[in-house]
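One structure is given here, and the rest of the page talks about it.
Please treat every number below as a calculation from the coordinates, not as lab data. All values derive from a computational prediction rather than experimental measurement. Virtual Cβ from ideal backbone geometry, glycine too; neighbours counted across all protein chains shown.
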Amino acid sequence: MLSLQNQRQPKTSALVDDYEISDTVLGLGINGKVVQCTNRRTKQNYALKVLLDNEKARREVDLHWRVSGCKHIVNIIDVYENTYSGRKCLLVVMECMEGGELFQRIQDKADGAFTEREAAQIMHEICAAIDYLHSRDIAHRDLKPENLLYTTSQPNAILKLTDFGFAKETFTNDTLQTPCYTPYYVAPEVLGPEKYDKSCDIWSLGVVMYIIMCGFPPFYSNNGLAISPGMKKRIRTGQYDFPDPEWTNVSQSAKDLIKGMLNVDPSKRLRIQDVIRNKWIAQYNAVPQTPLCTGRMLKEGEETWPEVQEEMTRSLATMR
Ligand SMILES: c1cc2nc(N[C@H]3CCCNC3)c3c(n2n1)NCC3
């Protein structure tokens with residue numbers, strides 16, 4: 001375990017002394033709800049996440065606090081440990097992401113106004129967040145559209161990753177590499193299942209990039225069930241394609257990058273360093289400004305979007 005002293009400690013004073021809690025619910029997560037709150041002194045709005053204090057909540061807060069300095073990760077402003085009606089809670093005050101979700105913003109653009117170069121710039125921002133996590137041996141494990149939010153609705157808004165309820169440390173147990181046993185006989189699982197946690201972030205990154213490029217997901221169940229047996233098989237065997245006409249004008253380098261991230265074999269899947277070094281990401285400003293049909297396809301599929309989100313949530317649950 002890392003030394004505890006570098007962990008930040010929650011405040012034990014009453015949050016309500018410093019913030020007024022509004023009844024505006026900003027979002028609902030599985031680990032707790034997010035409401036708006038206002039700093040009494042500065043009148044600035046923030047997002048407040050209420051968690052029941054337990055080991056899982058402590059891990060979420062500790063890991064999120066550790067990466068809160070990254071430009072593309074939602075910043076934690078303060079954490080309080082307060083007791084409400086006899087129950088200990090962790091109250092996480094975060095910067096308020098007022099620009100809404102990534103795909104809502106793409107959908108709201110005028111038709112034809114969203115180009116492949118803008119898609120590459122968005123991917124560059126998400127990769128910056130994942131690289132920040134993976135280089136600190138933390139896997140997010142819940143990378144999905146509703147966890148990618150914009151700071152404001154302005155053109156210069158910044159895209160950030162949020163929700164660390166499934167985040168996990170992925171110790172590369174090089175400690176086991178200093179052999180206290182001869183490695184010839186060690187079983188693969190002893191060398192750390194964690195190494196696959198990071199690769200599930202890369203799979204998610206591939207799914208998010210696929211949707212950014214065309215407006216629909218690579219895998220979906222076609223019988224309306226959230227995760228049909230057929231869909232599971234298609235994910236496991238990597239059965240997806242780049243159908244025309246939506247993908248006709250998309251560059252081959254974008255398609256090759258998606259293939260590298262959606263590789264069914266986690267050990268062959270690209271690592272985040274490979275992705276951010278990829279020319280399409282590293283030189284996103286040189287990507288062709290080909291108009292994409294993403295916004296139109298997102299609008300057309302608006303009613304089934306909750307099912308897409310649920311399918312991704314279930315797929316992530318089976319990968320963790
Ligand atoms: C910081 C964190 C946060 N989380 C939010 N919503 C969460 C809800 C659960 C799924 N992930 C996103 C929202 C926000 N913010 N701001 N503003 C509008 C909605």
What order do you get for 73-81, 211-219 when each peptide is scored by the mean count of other beta carbon atoms within 10 Å, highest first?
211-219, 73-81
When the convex hull of its Cα atoms is projected in every direction, mean area for segment 101-140 (nm²)
3.2
Two-site label geometry, Gln309 and Gln9: point separation in nm, points 7 Å out along Cα→Cβ
3.9
How large is the dipole of the chain about the Cα centre if only Lys and Arg carry +1 and Asp and Glu carry -1, each at its Cβ, rounded to the nearest 20 debye?
560
With the Cα gyration tensor of segment 71-180 in hand, give its eigenvalues times 5 under a square root as the equivalent ellipsoid semi-axes, listed largest first in whole angstrom.
31, 24, 10
With the radius of gyration and the Kirkwood radius both derived from the Cα set of segment 1-76, what is their ratio Rg to Rh?
0.97
As a test of understanding, state the convex hull volume per residue of segment 202-320 from its alpha carbons, in Å³.
106
Among Arg271, Arg236, which comes first, then next, by fewest other beta-carbon atoms within 10 Å?
Arg236, Arg271
How many nm separate the modelled label positions at Lys233 and Lys43, each set 7 Å beyond the Cα in the direction of the Cβ?
6.2
Using the Cα centre of the chain as origin and beta-carbon charges of +1 (Lys, Arg) and -1 (Asp, Glu), tell me which of Leu292, Pro245, Leu90 is placed farthest towards the positive end of the dipole.
Leu90
Please report Ser253, Ser199 as a ranked list, fewest other C-beta atoms within 10 angstrom at the top and most at the bottom.
Ser253, Ser199
Taking only DSSP H segments of four or more residues, each worth -39500 (n - 2.57), what value at 222 nm results for the chain once the sum is divided by all its residues, to the nearest 500 deg cm²/dmol?
-10500 deg cm²/dmol
So, by mean Cβ neighbours within 10 angstrom, what's the order for 159-170, 39-50, 241-252 with the highest one leading?
159-170, 39-50, 241-252
Tell me the label-point distance for the pair Asn156, Asp111, using the 7 Å Cα-to-Cβ offset, in nm and rounded to one decimal.
3.2
If you look at just the Cα atoms of segment 1-148, how large are its Rg and its Dmax in Å?
17.0, 55
With charges set only on the Cβ (+1 for Lys and Arg, -1 for Asp and Glu), what does the dipole of segment 55-184 come to about its Cα centre, in debye to the nearest 20?
300
38 Å tail of the calculated P(r), the chain, as % of Cα pairs
18
Mean Kyte-Doolittle of at least 0.5 plus a Cα span of 20 Å or more along the axis: flag which DSSP H helices in the chain meet both, please.
195-214
